[in-house]
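The values are calculated or read from the model by the stated rules, or taken from the named source; none is laboratory data. Worth saying up front: this structure is predicted, and the values here are computed from it rather than measured. Please note: Cβ atoms are built from the backbone with ideal geometry, for glycine as well, and neighbour counts cover all protein chains shown.
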Amino acid sequence: MYDFKFADIGEGIHEGKILKWSFKVGDKVKEGETLVVVETDKVNAELPSPVDGIIKKLGGKEGDMIEVGDTIVIIDDGSSEEIKEDKKEEKKEEKKEEPLSEGENAPSVIGALEVTSEVMASSDESSSHKDIESKKVLATPVARKLAKDMGVDIQTIKGSGEHGRVMKEDIYQASEQKLAPKVERQKVSVSVQGDVEYVPITKLRKAIVNSMTKAKDIIPHSTIMDEIVIDKLVDLRNRVKEQAAAENIKLTYMAFIIKAVVLALKEYPFFNASYDEVKEQMVYKKFYNIGMAVDTKDGLIVPNIKDADQKSILELAREIRGVADRTIERKVQLHELQNTTFSITNFGASDLISGTPIINHPEVAILGVGKISQRAMVIDGEIKAAYVLPLSLSIDHRVIDGADAGRFLTKIKSLLKEPMMLLLN
Amino acid sequence: MALLTLLDAINQALDQKMSEDSRVVVYGEDAGYEGGVFRVTAGLQKKYGEDRVFDTPIAEAAITGSAIGMAINGLIPVAEIQFDGFVFPGYTEIVTHMARYRNRTRGGYGLPLVVRFPVGGGIRALEHHSESIETLLGHIPGLKVVIPSTPYDAKGLMISAIEDPDPVIFMEPKRIYRAGKQEVPEDMYRIPIGKAKVVKEGTDVTVVAWGAMIRETEKAMKQLEDQNISVELIDLRSINPIDEETIINSVKKTGRFIVVQEAVKSYGPGAELISLVNEKAFLYLEAAPARVTGFDITVPLTKGEMYHFVSPERIAHQIKRTVEF
């Protein structure tokens with residue numbers, strides 16, 4: 001059986017009126033013969049039979065309206081199955097015969113118009129749109145993104161730009177990060193060709209990476225260098241180191257140097273300080289925790305000697321050894337690493353004359369101590385063999401001027417040159 | 001008030017203007033005796049006779065060219081081009097003469113005429129029957145181009161178009177010719193050309209659409225109902241001139257802007273509207289202005305067209321993206 005529905009006849013007629021049947025029930029029909037003439041809007045469409053067969057049933061009388069989807073005719077084509085409708089689609093053609101002059105209710109002859117009786121809300125032109133004053137602040141998309149990234153509600157910012165436009169500077173101020181780096185540095189990948197091995201870095205190394213990057217990002221460094229003849233200090237140490245050893249203390253030069261540094265810090269307190277760039281204030285510290293860079297097999301660690309100003313040289317010497325040992329064994333406590341106020345790094349320990357140390361942020365300076373060695377020096381117009389200690393001092397040049405650095409270093413030099421002054425202080 | 005379809009409303013506007021003003025003539029391919037392929041001009045020939053409502057040969061250049069001649073000589077022609085894709089043979093007359101009369105006469109006189117035709121796809125038609133050519137007409141100085149999205153607007157805009165002293169291109173979104181009915185006053189009323197309409201007020205995002213896309217955008221808004229997004233929907237209604245004030249005020253309020261157009265993407269009305277927003281409301285923008293458009297292809301035939309046309313889902317997706325930008 002073939003169920004011939006009034007469907008897509010290629011151009012989507014929606015409904016039509018059965019105008020004239022060419023066959024009646026029981027007639028034989030050949031594929032392609034006109035079955036029926038259906039009147040649509042403006043044309044009468046002749047619908048050809050999709051198959052050969054015998055008419056079994058007509059879908060309506062002449063004059064009846066049929067809609068898309070209604071059965072027009074059932075044809076016995078000898079098959080037991082229904083044939084899919086698609087096959088017939090292209091075969092149909094509509095022909096413009098007796099065009100209609102009327103038919104408002106019928107849709108088009110071309111295409112399938114959606115017909116609904118859905119009622120739309122009525123238009124009301126009288127309630128015209130009121131112009132609402134914009135409550136948005138003026139800002140470029142870049143500024144809006146910046147505010148969003150910085151977690152600032154841009155709506156709360158009073159802009160300083162033209163017509164109150166919120167400028168980037170306003171946003172920095174609002175977030176109290178006025179001097180924060182405007183653009184975070186892009187991480188840079190490394191591509192190497194050849195025989196290489198990739199090894200993940202340790203947590204300690206990551207911490208060093210971060211602190212070094214931060215120090216160099218934030219602090220404009222400047223390093224000054226000098227050297228001093230420390231024959232008297234060498235002499236003093238040689239005289240007392242046996243006694244110290246008897247008390248199980250290894251008396252190093254570092255103990256004397258720390259003592260000298262603490263005395264210099266007391267005279268120049270802005271070296272024992274930090275700079276708060278958000279508040280634009282100096283933070284002077286009333287305690288003296290002197291950091292020492294310690295070389296461990298995993299990497300650099302900087303523990304500190306707490307309250308170094310309240311300790312004698314022997315006490316300092318004992319503590320230096322203790323802290324350094326614990327650090328090398330990785331047994332140092334967290335608090336021993338925190339709250340350093342000024343750091344010293346020992347290039348001499350690596351058999352180096354000098355270097356340019358990197359400041360341990362948020363400190364503002366660091367002293368580099370070089371290798372003590374006997375050198376030919378001109379003293380009182382004569383060349384003499386003398387013990388020479390090279391010193392280098394890196395400063396945060398934002399808050400410490402070069403002349404201040406010179407004075408500070410001179411103070412240290414004078415104390416180390418005349419070590420008795422260390423004892424008297 | 002009677003409930004009319006968009007198509008009925010245009011028919012009523014033509015009928016009422018013809019009845020009121022004997023200079024109005026209506027013609028086009030099948031527009032006379034048969035009342036047009038979609039029945040927009042049905043009944044008019046019977047009522048006003050073959051001199052005022054008549055069929056033309058299949059010659060669009062003649063249709064648009066003769067409209068110019070009639071307008072110069074005192075008539076008010078409302079010429080029908082049967083389909084959007086058939087405008088092209090008549091395009092030369094429209095662009096090189098019709099659009100230029102006001103300028104050519106140094107402002108002396110214009111051409112009071114209307115060229116109307118069905119636009120857009122979505123009705124499973126054949127090639128040249130589904131095109132959105134707003135850009136090709138809106139780009140031409142000297143032409144006013146309008147497109148209604150509701151029966152009410154259709155009648156009011158058609159009356160304004162016929163009464164306008166210069167040429168008006170009246171585009172009829174065929175997809176919604178009969179999709180829905182609306183109360184339309186029996187009396188004549190006018191909707192000013194060049195004035196957009198705020199269909200729904202909102203605070204989070206401004207969506208500008210026109211023609212059949214209003215309905216699709218409303219469907220998208222329905223899909224987003226539970227998402228707590230306040231959409232301001234503006235029906236552009238007039239492709240040219242553009243109602244800058246309504247759009248810019250809205251964007252200043254919402255800070256976000258989306259254009260929904262059925263037309264293909266490149267160089268479309270969306271590009272123009274986004275430029276406008278960038279020029280006039282740049283400092284208010286919270287998100288990159290976006291457009292939801294057809295693809296840059298020839299409109300597909302029946303089987304493929306719904307993959308091409310903007311769907312409510314695509315609109316809803318863009319609204320979410322823009323609001324979450």
**Asked** Looking only at segment A:152-188, which residues are surrounded by fewer than 15 Cβ atoms within 10 Å (Cβ to Cβ), at pLDDT 85 or above and part of a loop (DSSP other than H, G, I, E, B)?
**Response** A:Asp153, A:Lys158, A:Ser160
**Asked** Which ranges mark the strands (runs of 3 or more DSSP E) fully within segment B:203-268 that have 3 or more residues being of a type in the set (A, V, I, L, M, F, W, C)?
**Response** B:205-209, B:231-235, B:257-264
**Item:** Residue that is surrounded by the fewest Cβ atoms within 10 Å (Cβ to Cβ) [pool: residues in segment B:17-47 that are of a type in the set (D, E, K, R) and closer than 20 Å to B:Met98 by Cβ]
**Value:** B:Arg23
**Request:** Just name the residue that is surrounded by the most Cβ atoms within 10 Å (Cβ to Cβ) out of those in segment B:285-296 that are in contact with a helix residue (DSSP H, G or I) (Cβ under 7 Å, 6 or more places away or on another chain) and more than 11 Å from chain A (Cβ to nearest Cβ).
**Result:** B:Val292
**Request:** Can you tell me which residue within segment B:269-301, out of those that are outside any loop (DSSP other than H, G, I, E, B) and hydroxyl-bearing (Ser, Thr, Tyr), is modelled with the lowest pLDDT?
**Result:** B:Tyr284
**Message:** Looking at the structure I just gave you, is B:Phe54 out of contact with any Asp or Glu (no Cβ under 9 Å at 6 or more places or on another chain) and either within 11 Å of chain A (Cβ to nearest Cβ) or of a type outside the set (Gly, Ala, Ser) (or both)?
**Reply:** yes
**Request:** Output the residues belonging to segment B:149-181 that are more than 10 Å from chain A (Cβ to nearest Cβ) and in a loop (DSSP other than H, G, I, E, B).
**Result:** B:Asp164, B:Pro165, B:Asp166, B:Pro167
**Item:** One residue from A:Val323, A:Val278 being surrounded by fewer than 14 Cβ atoms within 10 Å (Cβ to Cβ), β-branched (Val, Ile, Thr) and either assigned to a strand (DSSP E or B) or out of contact with any His (no Cβ under 6 Å at 6 or more places or on another chain) (or both)
**Value:** A:Val278
**Request:** Go through segment A:334-354 and give me each residue that's free of Cβ contacts under 8 Å to residues at least 40 places away in the same chain and surrounded by fewer than 18 Cβ atoms within 10 Å (Cβ to Cβ).
**Result:** A:Leu334, A:His335, A:Leu337, A:Gln338, A:Asp351, A:Leu352, A:Ile353
**Message:** Is it the case, given these coordinates, that B:Met188 is at pLDDT 95 or above, part of a helix (DSSP H, G or I) and surrounded by 15 or more Cβ atoms within 10 Å (Cβ to Cβ)?
**Reply:** no
**Complete:** How many residues of segment B:232-284 are touching a strand residue (DSSP E or B) at 6+ places or on another chain (Cβ under 8 Å), more than 10 Å from chain A (Cβ to nearest Cβ) and of a type in the set (Gly, Ala, Ser)? The answer is 5
**Fill in**
Among residues of segment B:1-21 being part of a helix (DSSP H, G or I) and among the acidic types (Asp, Glu), the residue nearest to the other protein chains (Cβ to nearest Cβ) is B:Asp8
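Restricting attention to segment A:139-150, which residues are within 8 Å of another protein chain (Cβ to nearest Cβ) and surrounded by 19 or more Cβ atoms within 10 Å (Cβ to Cβ)?
Of everything in segment A:139-150, those that are within 8 Å of another protein chain (Cβ to nearest Cβ) and surrounded by 19 or more Cβ atoms within 10 Å (Cβ to Cβ) turn out to be A:Ala139, A:Arg144.
Residues are listed down the side, and each one gets a yes or a no for (1) surrounded by 23 or more Cβ atoms within 10 Å (Cβ to Cβ); (2) under 27 Å from B:Tyr307 (Cα atoms):
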position	(1), (2)
B:Ala220	yes, yes
B:Ser230	no, no
B:Ile248	no, no
B:Val251	yes, no
**Request:** Hey, can you tell me all the residues within segment B:22-48 that are among the hydrophobic types (A, V, I, L, M, F, W, C) and either at the interface with another protein chain (Cβ under 10 Å from one of its Cβ atoms) or in contact (Cβ under 8 Å) with a residue 60 or more places away in the chain (or both)?
**Result:** B:Val24, B:Val37, B:Phe38, B:Val40, B:Ala42
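Given the structure, is A:Glu329 without any contact (Cβ under 8 Å) to a residue 12 or more places away in the chain, farther than 20 Å from A:Leu416 by Cα and among the acidic types (Asp, Glu)? Spell out the reasoning first.
Numbers: without any contact (Cβ under 8 Å) to a residue 12 or more places away in the chain: yes; farther than 20 Å from A:Leu416 by Cα: yes; among the acidic types (Asp, Glu): yes.
Judged against the criteria, A:Glu329 is a match.
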**Message:** Here's a check for you: in segment B:302-311, which residue that is within 14 Å of chain A (Cβ to nearest Cβ) and surrounded by 15 or more Cβ atoms within 10 Å (Cβ to Cβ) is nearest to B:Arg124 (Cα to Cα)?
**Reply:** B:Thr302
